[in-house]
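Reviewing the structure listed below.
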Amino acid sequence: MEARAYETTAAFREAAGRLLAADPIRNTVLLTATAKPLTGALLLTLHDNGKVVGAVIRTDPYPLLVSAMPVDAAEFTAEAVHDLVPDLPGASGSLKQVEAFVAAWTAITGKQATRTLAHRLFRLDHLQPPQTAGSPREATEADLPLLVDWKTRFLREALPPTVKRASPEEIAKEKLGPDAVTILWEVDGTPVSLAAARGPFEGMARIAPVYTPPEHRGHGYASAATAAASQWALDRGATDVLLFANLANPTTNRIYPAIGYRPVEDTAEYTF
């Protein structure tokens, strides 16, 4: 096998595009991450007898994404990545792929691996908005202080301290961009929940994050906000609306199927 590295996402997508497009839902994060220029990213394609058979990427501060890596290429991939990033902080992706890569990486490096996150990928089948008090509105720049506060609280609740992500400010601003939305669910003019969406890219839109402050939970507001964000994505022409739910959170894994989402696969993230 052979691994090839790329300096630009455009060159990477030219090489890996057909492979990724063959399974766009499972490759959703990889496709959206490389839809724009990235600085300092690791972009690798895997070749067998000249044919592209896999791809992995990493952008700081995120772990290596291995969902498009063939399971039987895990050892080769780990060796190729180790040559370029010997201090790799972690790996994530579809369960079979990431567990194969983690086994190969720990064998090569002797490091310990800890599973820090486990998610389930859902795809919208038929949207069934709940009957919930309140109404949705699109957030604006004027809402930025609230969005930053809520996204700070969301990250604190949802992620272990060892898991690194973009700052709440970056996330909040990104979800106010031209290809994104943040829906605030309001009751009597007071925001009680939010759900953001981005896309569509390659026909896909992804919902994230979804957050309700503790004092407003238990009333169906997160379901309503998620349904409104999902409708926004459908109205923009998305053919597939996706979201990831933390498997450690039984509430989200209950409410998403109730509004029409169906499970696709489980994913995991490991730190080394």
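From (1) at pLDDT below 95; (2) among the hydrophobic types (A, V, I, L, M, F, W, C); (3) more than 27 Å from GLU265 (Cβ to Cβ), pick out the condition that doesn't hold for ALA166.
Condition (3) is where ALA166 drops out.
Checking the structure you have, find out if any residue of the stretch 128-143 is among the aliphatic types (A, V, I, L, M), surrounded by 15 or more Cβ atoms within 10 Å (Cβ to Cβ) and either out of contact with any strand residue (DSSP E or B) (no Cβ under 8 Å at 6 or more places or on another chain) or not assigned by TED's automatic domain parsing to the domain that holds ALA224 (or both). Working first, answer last.
Quick first cut of the stretch 128-143, residues among the aliphatic types (A, V, I, L, M) only: 133, 139, 142.
After this cut, where a residue has to be surrounded by 15 or more Cβ atoms within 10 Å (Cβ to Cβ) as well, the list is 139.
Keeping just the survivors that are either out of contact with any strand residue (DSSP E or B) (no Cβ under 8 Å at 6 or more places or on another chain) or not assigned by TED's automatic domain parsing to the domain that holds ALA224 (or both) gives none.
Looking for residues that are among the aliphatic types (A, V, I, L, M), surrounded by 15 or more Cβ atoms within 10 Å (Cβ to Cβ) and either out of contact with any strand residue (DSSP E or B) (no Cβ under 8 Å at 6 or more places or on another chain) or not assigned by TED's automatic domain parsing to the domain that holds ALA224 (or both), one finds none in the stretch 128-143, hence no.
Contact list please: Cβ distance under 6 Å, first residue in the stretch 247-265 and of a type in the set (Ser, Thr, Tyr), second residue surrounded by 12 or more Cβ atoms within 10 Å (Cβ to Cβ) and at pLDDT 95 or above, pairs at least six apart or on different chains.
Sorted first by the residue in the stretch 247-265, then by its partner, the pairs are THR252/ALA245; TYR256/PHE122; TYR256/ALA245; TYR261/PHE122; TYR261/LEU124.
Which ones in the stretch 153-172 are surrounded by 16 or more Cβ atoms within 10 Å (Cβ to Cβ) and either part of a helix (DSSP H, G or I) or of a type outside the set (A, V, I, L, M, F, W, C) (or both)?
Residues satisfying the conditions are PHE154, LEU155, ALA158, PRO168, ILE171, ALA172.
Go through ALA22, ALA11, ALA41 for me and flag whichever is in contact with a Ser or Thr (Cβ under 9 Å, 6 or more places away or on another chain), free of Cβ contacts under 8 Å to residues at least 60 places away in the same chain and in the same structural domain as VAL71 (by TED's automatic domain parsing).
Criteria check complete, one pass: ALA41.
Which residues, counting only those in the stretch 184-201, are surrounded by fewer than 18 Cβ atoms within 10 Å (Cβ to Cβ) and either within 19 Å of the chain's Cα centre (by Cα) or part of a loop (DSSP other than H, G, I, E, B) (or both)?
ASP188, GLY189
Within the stretch 235-250, track down each residue that is in contact with a strand residue (DSSP E or B) (Cβ under 9 Å, 6 or more places away or on another chain) and either loosely packed, with under 15 Cβ neighbours inside 10 Å or under 22 Å from ASP188 (Cβ atoms) (or both).
Those that are in contact with a strand residue (DSSP E or B) (Cβ under 9 Å, 6 or more places away or on another chain) and either loosely packed, with under 15 Cβ neighbours inside 10 Å or under 22 Å from ASP188 (Cβ atoms) (or both): ARG236, GLY237, THR239, ALA248.
Okay, residues lined up against (1) modelled with pLDDT of 95 or more; (2) of a type outside the set (Ser, Thr, Tyr):
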residue: GLU2; (1), (2): yes, yes
residue: PHE12; (1), (2): yes, yes
residue: THR32; (1), (2): no, no
residue: ALA41; (1), (2): yes, yes
residue: THR45; (1), (2): yes, no
residue: LEU64; (1), (2): yes, yes
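When residues of the stretch 158-169 are filtered for being in contact (Cβ under 8 Å) with a residue 12 or more places away in the chain and out of contact with any Pro (no Cβ under 7 Å at 6 or more places or on another chain), how many remain?
Counting residues in the stretch 158-169 that are in contact (Cβ under 8 Å) with a residue 12 or more places away in the chain and out of contact with any Pro (no Cβ under 7 Å at 6 or more places or on another chain) gives 8.
Looking only at the stretch 202-211, which residues are assigned to a loop (DSSP other than H, G, I, E, B) and in contact with a strand residue (DSSP E or B) (Cβ under 8 Å, 6 or more places away or on another chain)?
Going through the stretch 202-211, the residues assigned to a loop (DSSP other than H, G, I, E, B) turn out to be 202-203.
Within the stretch 202-211, just GLY203 meets the criteria.
Would you mind listing the strands (runs of 3 or more DSSP E) fully within the stretch 1-92 where at least 2 residues are surrounded by fewer than 19 Cβ atoms within 10 Å (Cβ to Cβ) and aliphatic (A, V, I, L, M)?
Result: 51-58.
Of all residues in the stretch 169-192 being modelled with pLDDT under 95 and of a type in the set (D, E, K, R), which is farthest from ARG217 (Cα to Cα)?
Ranking the candidates gives ASP179 first.
Out of the residues in the stretch 210-234 that are aromatic (Phe, Trp, Tyr) and more than 19 Å from LEU121 (Cα to Cα), state the one that is surrounded by the most Cβ atoms within 10 Å (Cβ to Cβ).
Result: TYR221.
Name every residue in the stretch 93-121 that is polar (S, T, N, Q), more than 30 Å from ILE255 (Cβ to Cβ) and not in a helix (DSSP H, G or I), in order of residue number.
Applying the first criterion (polar (S, T, N, Q)) to the stretch 93-121 yields 94, 97, 106, 109, 112, 114, 116.
Next, only the ones that are more than 30 Å from ILE255 (Cβ to Cβ) stay: 106, 109, 112.
The one that is polar (S, T, N, Q), more than 30 Å from ILE255 (Cβ to Cβ) and not in a helix (DSSP H, G or I): GLN112.
Would you check which residues across the stretch 234-272 are among the charged types (D, E, K, R), assigned to a helix (DSSP H, G or I) and either touching a Ser or Thr at 6+ places or on another chain (Cβ under 8 Å) or under 18 Å from THR212 (Cα atoms) (or both) and list them?
ARG254
The values are calculated or read from the model by the stated rules, or taken from the named source; none is laboratory data. What you see is a predicted model, and the numbers here were worked out from it, not measured in a lab. Methodologically, a virtual Cβ is constructed for each residue, glycine included, from the backbone with ideal geometry; neighbour enumeration extends over all protein chains shown.
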